[in-house]
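These notes are about the structure you will find just below.
Throughout, read-outs are computed from the coordinates displayed, never taken from laboratory work. This is a predicted model, so every value here is computed, not measured. With ideal geometry, Cβ positions are generated from the backbone for all residues, glycine too; neighbour counts draw on all protein chains shown.
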Amino acid sequence: MPASATPADFHLTTANGPLTVYNPELVPDGTRAHVFALSALGTTTVLSVYGLLPNHEYGAHAHAKACGATGDVAGPHFQYHPDPVLPSVDPTYANPRNEVWLDFTTDRLGIGVAVSRVGWTFGERRAKSVVIHETHTHTDPGHAGTAGARLACLDVDF
Ligand SMILES: [Cu+2]
């Protein structure tokens, strides 16, 4: 049997609650989140969440730092090409090809699933968490990448 080609930077990670919750009204007690990320030639990330409000729009992204006591601790979004201007609200950098965006809308049972595919893998710099936000992610210049308040955070070993 021929050896299958395994890229040197192949990396698979999964993360499973507990969530650090900052807003228990929008992320009720018992909410569970699961992240699966596969890096090979590019990176595919899947986020599934159970127990949120039904029929509700949430934003979510991979962030640069691990979760902490407040939402801010997770730092900015991870960007493959870092924006020289911070906070990054320029759609040239704050977009779903340069960042990992995982927006979703829950179904009537409060279940949400999102998939992100980007054409790069993590190198020396790696994302450390996934943050769930209050709204879907904006794309207009001056607001690109913003999605309202940070509601909850999950540490992920990208
Ligand atoms: Cu975010």
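Structural remarks
- Rounded to the nearest 20 debye, the dipole size of the chain about its Cα centre is 320 debye, using +1 on the Cβ of Lys and Arg and -1 on the Cβ of Asp and Glu.
- A crude spin-label estimate for the pair R97 and I111, with each label 7 Å from Cα along the Cβ direction, gives 3.3 nm.
- In plain terms, the chain from D90 to T13 could stretch by 24.8 nm, reckoned as 0.36 nm per residue minus the Cα-Cα distance.
- Within the shell of other residues whose beta carbon sits under 14 angstrom from the beta carbon of L12, the net charge comes to -1, with Lys and Arg scored +1 and Asp and Glu -1.
- Positive-end extreme of charge dipole, the chain - chosen from G145, L53, N98 (charges on Cβ): N98
- Spin-label model distance (nm) - R126 vs D72, 7 Å beyond Cα toward Cβ: 2.8
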